[in-house]
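Just so it is clear, none of the values below were taken in a lab; they were calculated from the coordinates. Because the structure is predicted, anything quoted here is derived from the model rather than measured. As a convention, Cβ positions derive from the backbone with ideal geometry for all residues, glycine included, and neighbour counts pool all protein chains shown.
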Amino acid sequence: MVTAAIVKELREKTGAGMMDCKKVLTETDGNLEKAEELLRERGITKAAKKSGRIAAEGLVEAYVSEDGKVGAIVEVNAETDFVAKNEEFRTFVSDVAKQVVLKNPKTVEELLEQPSISEEGKTVNEVLIGKIATIGENMTIRRFARFESKGLIEKYIHGNGKIAVLINMQNATSELAKDVCMQIAAVKPEYIDREQVPAERVEKEKEILKLQTMNEGKPEAIAEKIVMGRINKFFEEICLVDQDFVKDPSVKVSQVLKDAKIVEFARFEKGEGIEKKEENFAEEVMKQLN
C-alpha cells in the first residue's frame with residue numbers, strides 16, 4: 001500500500017514531484033528503493049535537481065491552424081541561450097504551441113497533464129522532464145495564450161524567438177494582420193484602444209501629469225488644460241490604434257485598419273519579468289562543456 005508518508009519520504013530523497021513519486025511507488029508496490037531507481041531511469045530525479053535553477057532564457061513561439069481560425073502563442077524557458085539554438089528544444093516548443101491549439105488547455109497545469117501529441121503514451125509534463133534530463137538544463141512552460149477567430153489569426157516571430165505576436169482580426173487580409181503584428185512587436189502597445197484602458201489608470205496618469213505641470217510653475221487651472229493635451233500622448237504610447245504606423249509614421253494605425261477590426265492580441269517577449277541571475281560568460285561556457 002502506498003501511504004502519504006512513503007510518498008513524502010521519496011519526494012524528500014529525490015526532489016521529484018508528488019505525482020511522479022506516487023506513480024512510481026504504485027508501479028513498484030511501495031518499494032522505496034525500486035521507486036527511486038525508476039525515477040532515475042526516467043530522468044525525473046535528474047530533472048528535479050535542476051528545477052531550482054532560474055530559467056529566463058528559451059523561446060517564444062506561435063502556431064496557427066491551417067485554416068487560420070485558431071492560434072496559440074507560448075513561452076518556454078531554459079537556463080541559457082545555448083538551449084534556444086538546440087533543435088530538440090526548438091521542436092519541443094513548437095509542439096507545445098501546436099498542443100495548445102489542438103487540445104485547448106485552460107491553464108499551464110492542465111496543459112502539463114494532457115497526453116502529449118508528440119510522444120505517444122506520455123503527458124506533456126513527462127515529455128518536458130525527458131527534455132530536461134537529456135538536454136541538461138531546467139526548463140519550464142511559463143505561459144500561453146490561445147485565440148479562436150471568425151476572421152483570421154496571424155502570427156509574427158521576431159529575433160529568432162525573442163518576441164512573438166499573435167493577433168485575432170476581422171475583415172483583414174493576412175498582409176495587414178502581419179503588418180499589425182510587426183507594429184505590436186516593435187512598439188509594444190498594452191491595449192487595442194482607449195476604451196480598454198482602466199479608468200483608474202487614466203486618472204492616476206492625469207494626477208501625475210498635473211503635478212508635473214504644476215511643478216513647472218503653471219497655475220492649477222492652466223495645468224488642467226495642459227494635462228488634457230498631454231494625456232493624448234499617453235494614449236498614443238499604450239493604445240495600438242492611436243500609435244504612429246511603423247511602416248509609415250505619417251498615419252495612425254487606425255487609418256491603416258480602415259474597415260478591419262482588431263479583436264485581441266498577445267505579445268510575448270522571452271524572459272520579460274523574470275529576475276535573471278547575472279553569470280560570468282566564461283563560467284557559463286565551462287558549465288556547458290562539463
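Peptides 85-95, 59-69: what's the order by average Cβ count within 10 Å, highest mean first?
Going by the mean number of other Cβ atoms within 10 Å, highest first, we get 59-69, 85-95.
Report the one residue of PHE265, VAL251, CYS21 whose Cα lies farthest in the direction of the positive end of the charge dipole of the chain (charges on C-beta: Lys and Arg +1, Asp and Glu -1; origin at the Cα centre).
Positive-most Cα among the choices belongs to VAL251.
R0 = 41 Å: FRET efficiency of GLU110 with ILE208, Cβ-based, nearest 0.05?
0.55
Over the chain, what relative contact order in percent results from Cα pairs under 8 Å that are six or more residues apart?
After rounding, I find 18 percent.
What label, among (1) 26.1; (2) 15.1; (3) 21.0, belongs to mean projected area of the Cα convex hull in nm² computed from the structure on display?
Identified label for the calculated read-out: (3).
Here is the link list: LYS150/LYS270; LYS210/LYS258; LYS22/LYS103; LYS103/LYS150. Which ones come out longer than 23 Å on Cα distance?
Long pairs (Cα-Cα over 23 Å): LYS150/LYS270; LYS210/LYS258; LYS22/LYS103.
Cα centroids of segment 10-39 and segment 140-195: how far apart, whole angstrom?
43
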